[in-house]
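Enquirer: Just dropping this structure here.
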Amino acid sequence: MKIVLSTNNPSKKEQAQAMFAGSGIQILSLEENGTPGAAVEDKDGGTLEQNAFKKAVFAHAPGCWAMADDTGIFIDALDGRPGVRTADWSGDAKTTEEKTGWILEQLKDVANRSATFRTVVVVLTPSGNRHFFTGEVHGSILRTARCKPQPQMAYSPIFQPDGSKKVWAEMTIEEENAISHRGKAFCQARQFLEQTSR
């Protein structure tokens, strides 16, 4: 089975490929599928589900499988913001490192650093039916970055999951997939696809 992952983020594709290793399910990028990706990151939906679905539709074609995800961080002290607007919540910052710095600046006077990362993965079947899978992880936002961020992942050097001594950017792909919100959601998607392809 082949499925197109609708993202321009190389870290997301690498994580998904690792999660689906040994499943017999081949993850194709937009480029590998011959789909231009300029519009795929437009996120104007009101929920993670709507944004993920919009991206999956962009990569979907009749007779093909497509998959996409959307992620938000919900910060307790900010009443759940930025949530669905996480990708846009970085002011005028351009680079990923600048975005990390901007986020830390916004939270410099915040005592309660607890937050929840939530990912929604949607799988579109060849006939267009949609299936949603959700993963969450709780943790806290550090006051300083531990290391450089992963590409396009501004929170990766500053978010420490509960029970872990590492931030995302310090983990191997295997470590991250085992506990992360994205790993949990993609694991459910893999189980669904494996059952479907039997």
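The values are calculated or read from the model by the stated rules, or taken from the named source; none is laboratory data. Being a predicted model, the structure only gives us computed values, none of them experimental. In this analysis, Cβ positions are derived from the backbone assuming ideal geometry, glycine residues included, and neighbour counts consider all displayed protein chains.
Enquirer: Could you please find all residues in the range 44-58 being buried (at least 23 other Cβ atoms within 10 Å of the Cβ) and over 20 Å from T196 (Cα atoms)?
Expert: Hits for the range 44-58 are L48, N51, A52, K55.
Enquirer: Kindly provide the set of residues from the range 60-96 that are in a loop (DSSP other than H, G, I, E, B), farther than 24 Å from G46 by Cβ and among the hydroxyl-bearing types (S, T, Y), ordered by number.
Expert: Within the range 60-96, T95 is the sole residue that qualifies.
Enquirer: Another question, if that's okay. All but one of (1) surrounded by fewer than 16 Cβ atoms within 10 Å (Cβ to Cβ); (2) under 23 Å from W168 (Cα atoms); (3) touching a residue at least 24 places away in the same chain (Cβ under 8 Å); (4) basic (K, R) hold for K99; which doesn't?
Expert: Here K99 meets the rest and fails (1).
Enquirer: Output the number of the condition that K99 fails; it satisfies all remaining conditions of (1) of a type in the set (D, E, K, R); (2) part of a strand (DSSP E or B); (3) in contact with a Gly (Cβ under 9 Å, 6 or more places away or on another chain).
Expert: (2) is the only condition that K99 fails.
Enquirer: Picking from F132, F186, which residue would you name as being aromatic (F, W, Y), closer than 22 Å to Q17 by Cβ and in a strand (DSSP E or B)?
Expert: Result of the check over F132, F186: F132.
Enquirer: I'd like to check something: does the range 127-143 contain any residue that is at pLDDT 95 or above, among the basic types (K, R) and within 24 Å of A56 (Cβ to Cβ)?
Expert: Yes: one or more hits.
Enquirer: A further question follows. When S164 is evaluated against the numbered criteria (1) of a type in the set (S, T, Y); (2) over 18 Å from the mean Cα position of the chain (by Cα); (3) within 25 Å of A66 (Cα to Cα); (4) at pLDDT 95 or above, which criterion, by number, is the only one it fails?
Expert: The number of the failed condition is (3).
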